[in-house]
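**Student:** Dropping the structure in here first, questions after.
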Ligand code: NAD
């Protein structure tokens, strides 16, 4: 482990043979540059590797020793030095002078180059400005030097004449922090504002610019931006730009055809770098997690075959789409050579591209054969460098990699060079199901707003809803729509004026009638078989699905959610209906425990009338979830939405009625919680209260429901899901790209109005300043506005009271507390009466500060600085709440401590702390956050049921059915 060979050869060799070691080794390489002290390095080495039995004994010994010993220190220094050496194999330097040296050497060896600046995720406008400036400097700084170098004909000319020597590759997403495929026009504006100066300078200096491709989410918008900007008058006749097509994508050929049409219209050629694609793992994993179609071919030979078809297309159209065949696979490259020859493509008209540090011999081979070979040469700082390095290591050690097999002396050339179509025929067919049902249930996929049809559908729904605003809604009691008054006026929080709808405010007398209706409907509903009740739920789920965009649009307007958040709200409602149906089927089977002569069945009965009291912040999902659970278990329901969202409640009532649920089984009762809440909760005919909302109201309901008023013959059950003061810990070794974005979204999405939102960041002193610098930039780059616009990240808070409450709480802060990041509302175009509150981050907050203890339910984040991870856990746990918590850390030991010791119902490691999905993350807290039930989890329905056990003695006169037969021979046999 002290030697360079270990890192170069042994590590790769082991990694290939041992999946567990590979994961540990690559994870360690990834975290290494963030470790500031030798102690930290040895601590991580130990945590990552001591369990790996295949490590050589001396290395294990050193790891187990004292980190402060000479051996420990040497180990740390050695690890750092050797990892750096390994990185240098793939990364051409940290600075421009360093990289200039490398490319000079490359040119001496007869290679062309393209430079890629490795960078961290761009989370702010400041970082996007820096990225732009670095490319401007690169083009400016390199042009003069490189153009003065002696000419090298094969790399500097094509079949027509000279081509740019300076060639850079950039990522469009790094030019705009709000790069958002759901908002193509805002993204186009933001990206091109920083892109045009780069293109202008490149054109002026005779440099080439390639737009790199990243994950599939960004593909359509990347192509769109490139096409739109390159057809502008200024760039229309400029041939020195390039794009990437990834052959592992099923869309690859379609995209090439579109591009070809576009390039023909434009009248100037463009270069297309054809690659297989570097994000295969990411694409398959995320598609499976989201339940979206897998965009990539899942079998390697299919990508290879597509690569060959794309090669042929490019060669056939080389005058409009100049082929840059980027591969390390000799079969793919040989195929390109053969097709070019067959189609008589002039020699200089196409080139080969390879990555720096990979497949050097093959590059030389092609160069010697006279082919122009361009080396993709990344450079930059060590932290982003390591992420790049790990991608290369993965590629080199992947089972599917040509590079890996090419180094295997036993590899069979006939197999290595096999036609991918033949290779594909020999493999089992593709498995395309991304979201296989888990125990009969699959989450409803979220809508992909990167797809134009989905955006159009949402815009159409918003327009439809615009035309239906101001409608009048009714109470629904025993199937009758009643409209005693229209006192509940719901307004759009984004402008504070537009009336979304008017609903009656129910009176205590209405509450009595609703309970009476539910009581009357109970016996018949209880006797409706569970299977039928499940079917009603599934019909309702279909109803919601059918009206998906429309419901999302209503949510955007009534409670101010962004498109994505509103869509997730509807998807979660659908999930609750389907999931509880599936759970009820399991429960309906009961539990049988038979012993000879005795038959035992444990089965479940509904409790009776359930009152459902919901908050406005998940106006559809939570109301649906609690109602669905009550219904499917055979209870009848009085459904009370929050006063701020009666229209969504009415729409849900519509959907339930359309599903055919009988009259009186669900009664819809919008109204003022303070007025009708108490009579509902106290009502002697009510058996269960399912509440989600604030702690204050939840505790009062719990207290009231504990009483047994005259006429009540049962103990009420209360489910109370309440608030949170959720903390996310940022450990010293955290991946700050992920930590900054994770905290940003958890704290400010939906203006911080989620019970799961992060309102405290507990940050280790070692990374505090760097974290704060990046978070500040990110917060100050947020877009505030009306959520009906797709690019808006932070909308209004729910109403004037909420705004006033937040502002008041921020008036008298402790002396040490400092406003570290915020935005000025006057910089945004906001309706004057909208309830906007700027996002705010406070530092210097101490544990006893109200800012660290009281739920504010708005876009406010308190940052607490701590010295050790143990202190971080202590601080995170030091509130009355226990709802969600998160940790960003790359220390296996610290993650283990967090699993064990964090006090929260939902703990998230290395991701944001919001966005729980039904079944995958059963949701709910304890302490003063809730009574410990988990919505969307396997225990939830039990709360709505009474378990009853029936025991029958089946023995009659010594005879029992199913009694064990005697095994001994009978007399006389
Ligand atoms: P809220 O407590 O003000 O209102 C919730 C519901 O209770 C509304 O329908 C309201 O009309 C009703 N209500 C008000 N007073 C009542 C009374 N005296 N008796 C009976 N009902 C009464 O909460 P909110 O502002 O709508 O929602 C925000 C709160 O909800 C936050 O504290 C948030 O953390 C919490 N929340 C928790 C979860 C969770 O799963 N733990 C989920 C979402 C929201």
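The values are calculated or read from the model by the stated rules, or taken from the named source; none is laboratory data. Please read all numbers here as calculations on a predicted model, not as lab measurements. With ideal geometry, Cβ positions are generated from the backbone for all residues, glycine too; neighbour counts draw on all protein chains shown.
**Student:** Out of the residues in segment 798-812 that are closer than 21 Å to residue 753 by Cβ and outside any helix (DSSP H, G or I), which is nearest to the ligand (Cβ to nearest atom)?
**Tutor:** 798
**Student:** Within segment 527-543, is there a residue that is in the same structural domain as residue 644 (by TED's automatic domain parsing), on the phi > 0 side of the Ramachandran plot and buried (at least 17 other Cβ atoms within 10 Å of the Cβ)?
**Tutor:** No, because not a single residue in segment 527-543 is in the same structural domain as residue 644 (by TED's automatic domain parsing), on the phi > 0 side of the Ramachandran plot and buried (at least 17 other Cβ atoms within 10 Å of the Cβ).
**Student:** Moving on. Mind checking which residues of segment 652-665 are in contact with a helix residue (DSSP H, G or I) (Cβ under 8 Å, 6 or more places away or on another chain) and within 16 Å of the ligand (Cβ to nearest atom)?
**Tutor:** 652 - this is the single residue of segment 652-665 that is in contact with a helix residue (DSSP H, G or I) (Cβ under 8 Å, 6 or more places away or on another chain) and within 16 Å of the ligand (Cβ to nearest atom).
**Student:** Can you find a residue in segment 88-107 that is assigned to a helix (DSSP H, G or I), within 30 Å of residue 242 (Cβ to Cβ), in contact with a helix residue (DSSP H, G or I) (Cβ under 7 Å, 6 or more places away or on another chain) and at pLDDT below 90?
**Tutor:** yes
**Student:** Given the conditions (1) touching a strand residue (DSSP E or B) at 6+ places or on another chain (Cβ under 8 Å); (2) within 16 Å of the ligand (Cβ to nearest atom); (3) not in a helix (DSSP H, G or I), report the number of the one that residue 732 does not fulfil.
**Tutor:** Going through (1) touching a strand residue (DSSP E or B) at 6+ places or on another chain (Cβ under 8 Å); (2) within 16 Å of the ligand (Cβ to nearest atom); (3) not in a helix (DSSP H, G or I) one by one, residue 732 breaks only (2).
To keep it simple, each residue is scored yes or no on (1) assigned to a loop (DSSP other than H, G, I, E, B); (2) over 25 Å from residue 205 (Cα atoms); (3) touching a strand residue (DSSP E or B) at 6+ places or on another chain (Cβ under 7 Å).
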position	(1), (2), (3)
222	no, no, yes
225	no, no, no
242	no, no, yes
260	no, yes, yes
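**Student:** Here's a follow-up. Looking at segment 680-709, which of its residues are over 24 Å from residue 665 (Cα atoms), part of a loop (DSSP other than H, G, I, E, B) and within 7 Å of the ligand (Cβ to nearest atom)?
**Tutor:** 694
**Student:** Now a separate question. If a residue must be surrounded by 15 or more Cβ atoms within 10 Å (Cβ to Cβ) and on the phi > 0 side of the Ramachandran plot, how many such residues does segment 652-684 contain?
**Tutor:** Total meeting the criteria: 2.
**Student:** Being buried (at least 21 other Cβ atoms within 10 Å of the Cβ), under 24 Å from residue 391 (Cβ atoms) and in contact (Cβ under 8 Å) with a residue 40 or more places away in the chain, is that true of even one residue in segment 234-243?
**Tutor:** Yes: segment 234-243 contains one or more residues that are buried (at least 21 other Cβ atoms within 10 Å of the Cβ), under 24 Å from residue 391 (Cβ atoms) and in contact (Cβ under 8 Å) with a residue 40 or more places away in the chain.
**Student:** Next up: Could you count how many residues in segment 743-769 are in a helix (DSSP H, G or I), in contact with a strand residue (DSSP E or B) (Cβ under 7 Å, 6 or more places away or on another chain) and closer than 18 Å to residue 865 by Cβ?
**Tutor:** Final tally of qualifying residues: 5.
**Student:** Out of the residues in segment 403-420 that are at pLDDT below 85 and part of a helix (DSSP H, G or I), which is surrounded by the most Cβ atoms within 10 Å (Cβ to Cβ)?
**Tutor:** 403
**Student:** Considering only segment 825-894, give the strands (runs of 3 or more DSSP E) lying wholly within it that have at least 3 residues that are assigned by TED's automatic domain parsing to the domain that holds residue 801 and over 23 Å from residue 916 (Cβ atoms).
**Tutor:** 840-843, 860-866
**Student:** OK, next. Listed residues 558, 565, 550; which is farther than 20 Å from residue 182 by Cβ and modelled with pLDDT of 95 or more?
**Tutor:** After ruling out the rest, the residue left standing is 558.
**Student:** Then there is this: Just to check your reading of the model, which residue among 322, 331 is over 35 Å from the mean Cα position of the chain (by Cα) and at pLDDT below 95?
**Tutor:** One residue alone meets the criteria, 331.
**Student:** Tally time: how many residues in segment 576-601 are in contact with a helix residue (DSSP H, G or I) (Cβ under 8 Å, 6 or more places away or on another chain) and within 16 Å of residue 445 (Cβ to Cβ)?
**Tutor:** Here the count works out to 3.
**Student:** Here is a follow-up. Name the residue, out of 429, 484, 493, that is in the same structural domain as residue 548 (by TED's automatic domain parsing), part of a loop (DSSP other than H, G, I, E, B) and farther than 19 Å from residue 551 by Cβ.
**Tutor:** The match here is 484.
**Student:** Would you check which residues across segment 917-946 are more than 11 Å from the ligand (Cβ to nearest atom) and not in a loop (DSSP other than H, G, I, E, B) and list them?
**Tutor:** 927, 940, 941, 942, 943, 944, 945, 946, listed by residue number.
**Student:** Collect the residues in segment 666-675 that are more than 8 Å from the ligand (Cβ to nearest atom) and part of a helix (DSSP H, G or I), keeping them in residue-number order.
**Tutor:** The answer is 675, and nothing else.
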